[in-house]
Amino acid sequence: MNVVHTLKVIAQTLNMGEDLSTMLQPVLEKLLEVTNHDTGWIFLIEDHRHQLVAHHGLPSGLEHRSKLMCEGGCWCKDKCMNGQLKKAANIMECRRIERARELGRPTNGLTHHATVPIFAGDRTYGLINIASVDKNHFSNEELEVLETVALQIGAAIYRLKQEEKKQELARMDERNRLARDLHDSVNQLLFSVSLTAKGIKGKGKDTNVNEAIDLIGEVSSEALLKLKQIIWQTSTEELEDGMVAAIHRYAALIGIKVKVKGDGNVQLPSRVERNVWRIIQESINNCSKHSGEKSVDLHFDRDESNWKVSITDFGCGFSPQDHSIFSGDGFLNMRKRAQEIDATFNMKSAPDQGTVISISIPLASIEQNIFRTKKERE
């Protein structure tokens, strides 16, 4: 097959594609076809974790859903993450193939592979591994083709990442606009209803009318508070002064006192920060609604491998066997948010013993140097 034509087809696929999981598979197959090799696979690497996104010709001992391919470290991944892999490596022994042989699984004679890093600028996104039975050397021409395709993939990933950032910024702008609109319109209307009810309360002698006015005042005040909570939950601007300041402002809004221990003003990736903030926010909501207490303890901590947050109230608690407690979306949403940032979510409660919500985030899933405090950054 004509190499130039194949590279053109690959470039077109990558330029037009919008989803990595669907466009990298045909790219890999075209690459194997033009280089006349049997087996290949592509790992994408993020936060020291790898994902198998494309594969072709894997022996049954390395079938793509096995732990051998989807879990654990390997020499090529380790070299990539340590910055030791800057260009195509001609032949590398494969730790995954070696483990398969140790387990007695068929590898179809594969022992080695070529490894090519996928990068754009100074950012490494993953690896392409190419192998054939009894292959122990790749020519310079083969390596150049592999590196060319790896560069094309890196450029495509960078393009998609930039597009994701643009879309996220657009979503944040829209949410902030909606929050401002709610504040400027519905919030003012409800406030006017509440003031009107207070103004006419007791001016009439009809008991039924006065009771109705009292009800209007109570309902409008409660709706006003709910709306303020929704505005807070919708806006993405509440974290501009740091998470601890946002926590205190939100807790004051719903009448909860928060005692903060440890340093919550750490620099986190925005996705991690937003999810942690929403989990804390939901925990404070639960305290307000269910605990019977008006205060919580919030503790930030860090050990050698994890950053931890715990939210404790000393209220009525509940039995974990009481499934009605979990009928709403609150706990489910907290668990989902924890999963999105690879955090471990735990809840501990018992009747009359309060409730503790805790999350533990692996440091490996957080960008380097994010634990500098604002003071240190200044």
**Request:** Please go through the residue pairs Lys308/Lys348; Lys226/Lys348; Lys226/Lys289; Lys8/Lys77 and name each one whose alpha carbons sit more than 19 Å apart in this structure.
**Result:** Lys226/Lys348; Lys8/Lys77
**Cα convex hull of region 1-122, projected area averaged across orientations, nm²** = 8.1
**Prompt:** To the nearest 0.05, how large is the calculated FRET efficiency for Leu160 and Asn2 if R₀ is 25 Å and r is the Cβ-Cβ distance?
**Reply:** 0.35
**Asked** Long-range amide H contacts for Ala54: which residues qualify at under 5 Å (H placed 1.01 Å from N, peptide plane, sequence gap of 5 or more or a different chain)?
**Response** Ile42
**Request:** Quickly estimate the mean residue ellipticity at 222 nm for the chain, helices only: each DSSP H run with n ≥ 4 gives -39500 (n - 2.57), and the total goes over all residues, rounded to 500.
**Result:** -15500 deg cm²/dmol
**Message:** So if the hydrodynamic radius of region 52-158 is defined as the Kirkwood radius over C-alpha pairs, what does Stokes-Einstein give as its diffusion coefficient at 37 °C and 0.692 mPa s, in µm² per second?
**Reply:** 229
**Asked** Please state the relative contact order of the chain as a whole percent: Cα pairs under 8 Å, 6+ residues apart?
**Response** 10
**Prompt:** About its Cα centre, how strong a charge dipole does the chain have in debye, to the nearest 20, once Lys and Arg get +1 and Asp and Glu get -1 at the Cβ?
**Reply:** 540
**Prompt:** Mind ordering 4-12, 54-62, 110-118 by average Cβ neighbours within 10 Å, highest first?
**Reply:** 110-118, 54-62, 4-12
**Request:** Work out from phi, with θ = phi - 60° and the Karplus expression 6.51 cos²θ - 1.76 cosθ + 1.60, the ³J(HN,Hα) of each residue of region 106-120, listed in order in whole Hz, and give x for Gly and Pro.
**Result:** x, 10, 6, x, 6, 9, 10, 8, 7, 10, 10, x, 9, 8, 9
**Asked** Quick one: putting +1 on the C-beta of Lys and Arg, -1 on the C-beta of Asp and Glu, what dipole do you get for region 49-160 around its Cα centre, in Debye to the nearest 20?
**Response** 440
**Request:** Treating the angle as unsigned and between 0 and 90°, give the value, to the nearest 10°, between the Cα long axis of helix 207-234 and the longest Cα principal axis of the chain.
**Result:** 20
**Request:** Working from Cα positions, state the angle (0 to 90°, nearest 10) between the long axis of helix 3-16 and the longest principal axis of the chain.
**Result:** 0
**Prompt:** Within region 95-116, what residues put their amide N at less than 18 Å from the label point 7 Å along the Cα-to-Cβ vector of Ala364?
**Reply:** 95-96
**Message:** Connecting C-alpha atoms closer than 10 Å in a GNM of the chain, tell me which of Ile153, Ile311, Ile213 has the biggest fluctuation.
**Reply:** Ile213
**Request:** Identify which of Ile247, Ile230, Ile42 has the largest mean-square fluctuation in a Gaussian network model of the chain, with springs joining Cα atoms closer than 10 Å.
**Result:** Ile230
**Prompt:** What percentage of the solvent-accessible surface of region 96-140, computed with a 1.4 Å probe over protein heavy atoms, is contributed by carbon and sulfur atoms?
**Reply:** 45
**Calculated percent of Cα pairs over 28 Å apart (choose from [x] 44; [y] 61; [z] 48), label** = [y]
**Request:** Measure nothing but the geometry: give the 0 to 90° angle between the long axis through the Cα atoms of 140-184 and the longest principal axis through the Cα atoms of the chain, rounded to 10°.
**Result:** 10
**Complete:** Using alpha-carbon coordinates alone, the radius of gyration and Dmax of region 81-136 in Å work out to 13.0, 41
**Request:** Among His37, Ile280, Gly17, flag the residue with its Cα farthest along the positive direction of the charge dipole of the chain, charges on Cβ as +1 for Lys/Arg and -1 for Asp/Glu.
**Result:** Ile280
**Listed residues Lys79, Lys201, Lys294, most fluctuating in the chain (Gaussian network, C-alpha, under 10 Å)** = Lys201
**Under 16 Å from Lys336, Cα to Cα: aspartates and glutamates that are on another chain or at least 8 residues apart** = Glu273, Glu282
**Request:** Evaluate the distance, in nm, between pseudo-label points positioned 7 Å from the Cα of Thr148 and of Lys336 along their respective Cα→Cβ axes.
**Result:** 4.6
**Complete:** Note to self: with every protein chain in place and a 1.4 Å probe, the chain gives an accessible area per residue in Å² of 55
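The values are calculated or read from the model by the stated rules, or taken from the named source; none is laboratory data. Quick caveat: nothing in here was measured; it's all calculated off a predicted structure. Positions of Cβ are backbone-derived with ideal geometry, glycine not excepted, and every protein chain shown enters the neighbour counts. Heavy atoms of the whole protein, side chains included, go into the accessibility calculation; ligands, DNA and RNA do not. Shrake-Rupley method; radii C 1.70, N 1.55, O 1.52, S 1.80 Å.
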